[in-house]
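Data first, discussion second: the structure below is written as structure tokens.
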Amino acid sequence: MYFAVISIFPEMFATIREFGITGRAVTQEQVTIECINPRDYTTDNYRRIDERPYGGGPGMVMMAEPLSKAIEDARLRAKEYGCRVDSEHCPVIYMSPQGQTLSESSVVGMTYYDGMILLCGRYEGIDERLLSQYVDMEVSLGDYVLTGGELPAMVLMDSVIRRLPDIMGDDKSAEQDSFVDGLLDCPHYTKPHEFAGMAVPEVLLSGHHANIAKWRFAQQVSRTQTRRPDLWQAFTPTVEQAKWLEALAKADKK
Ligand SMILES: CC(C)(C)c1cccc(C(=O)NCC2(NC(=O)c3cccc4nocc34)CCCCC2)c1
């Protein structure tokens, strides 16, 4: 999958290009992440990419011209990479507080794109005429004030990359199932057996895999019910999980 990121701080993206599962996906050429700096598309001596806002007010606004050229170049590169460069297959996504909030379901939908061109704002934002002319979709990470769109762009890329086929490899089954069935995670334990006077729940040492799976599922259920009732409301159990829920309910009644 092809990612082009348009940002005045391209160096920030080393965070996902050089580390962990996303770094491995880049090394194995399952994913390409190209950083495009709008400053390279300026024509003045000062390489201006921001200007004072019309109508006055604090701060600066990112100019449309350099961003438009950067997006057009990103489209060329996406095409060279093999993407079908249209809004259905390689959308221009503006990371924005005005956008639709990113969810695991929208992440899954994005794994079907050939690629995506991510636009990161800084200062007070981007000239509206650039957004109306070039942006296919606005996506938000959530409701808090940030200094830029780069971290949201990296979060989006991280969540999409880990869902691509052949990325999670053998640990896919473990990590994939626990995180994406819509429940919070169960507690995890590893060596040493004793820490700060605390041992490990016996069931995890039993080697009884069915009991261990049941215990973990029960932990996920109770944690989700108590900490995230909103997720619990939205949770739709698989047939298997529905059976376990029944068994749990019966056990609770005893
Ligand atoms: C949401 C809230 C609190 C009501 C709000 C309302 C008004 C402005 C902001 C804000 O933070 N403006 C600054 C700005 N933020 C973001 O880019 C951004 C923020 C949050 C989630 C994001 N997901 O992607 C990008 C995101 C970075 C500098 C360029 C202009 C955008 C926030």
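For the reader, a short list of remarks on this structure follows.
- Residue within the range 50-57 that is more than 16 Å from the ligand (Cβ to nearest atom) and surrounded by 16 or more Cβ atoms within 10 Å (Cβ to Cβ) present: no
- G109 vs. criteria within 14 Å of the chain's Cα centre (by Cα), modelled with pLDDT of 95 or more and surrounded by fewer than 19 Cβ atoms within 10 Å (Cβ to Cβ): yes
- Subset of the range 101-119 (residues that are within 15 Å of the ligand (Cβ to nearest atom) and among the hydroxyl-bearing types (S, T, Y)): T101, S103, S106
- Given (1) over 18 Å from L151 (Cβ atoms); (2) among the basic types (K, R); (3) free of Cβ contacts under 8 Å to residues at least 40 places away in the same chain, number of the condition R17 does not satisfy: (1)
Yes/no per residue for (1) away from the ligand (no atom under 13 Å from the Cβ); (2) surrounded by 16 or more Cβ atoms within 10 Å (Cβ to Cβ):
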{"position": "R129", "(1), (2)": "yes, no"}
{"position": "V135", "(1), (2)": "no, yes"}
{"position": "E150", "(1), (2)": "no, yes"}
{"position": "L156", "(1), (2)": "no, yes"}
{"position": "R162", "(1), (2)": "yes, yes"}
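- Looking only at residues of the range 137-147 that are hydrophobic (A, V, I, L, M, F, W, C) and within 6 Å of the ligand (Cβ to nearest atom), we find that the one that is surrounded by the most Cβ atoms within 10 Å (Cβ to Cβ) is L141.
- R122 crowded, with 17+ Cβ neighbours inside 10 Å and within 16 Å of the ligand (Cβ to nearest atom): yes
- Candidates D73, D86 - the one that is within 18 Å of D136 (Cβ to Cβ), in contact (Cβ under 8 Å) with a residue 12 or more places away in the chain and away from the ligand (no atom under 16 Å from the Cβ): D73
- So M60, is it in the same structural domain as E128 (by the TED database) and crowded, with 17+ Cβ neighbours inside 10 Å: no
- Given (1) at pLDDT 95 or above; (2) more than 12 Å from Y123 (Cβ to Cβ), index of the condition D44 fails: (1)
- Taking the criterion of being of a type in the set (A, V, I, L, M, F, W, C), surrounded by 16 or more Cβ atoms within 10 Å (Cβ to Cβ) and part of a helix (DSSP H, G or I), the residues of the range 218-247 that qualify are A218, V221, W232, W244.
The values are calculated or read from the model by the stated rules, or taken from the named source; none is laboratory data. On a predicted model such as this, the values are computed, not experimentally measured, just so you know. Here the Cβ is made from the backbone with ideal geometry for all residues, glycine too, and neighbour counts use every protein chain on show.
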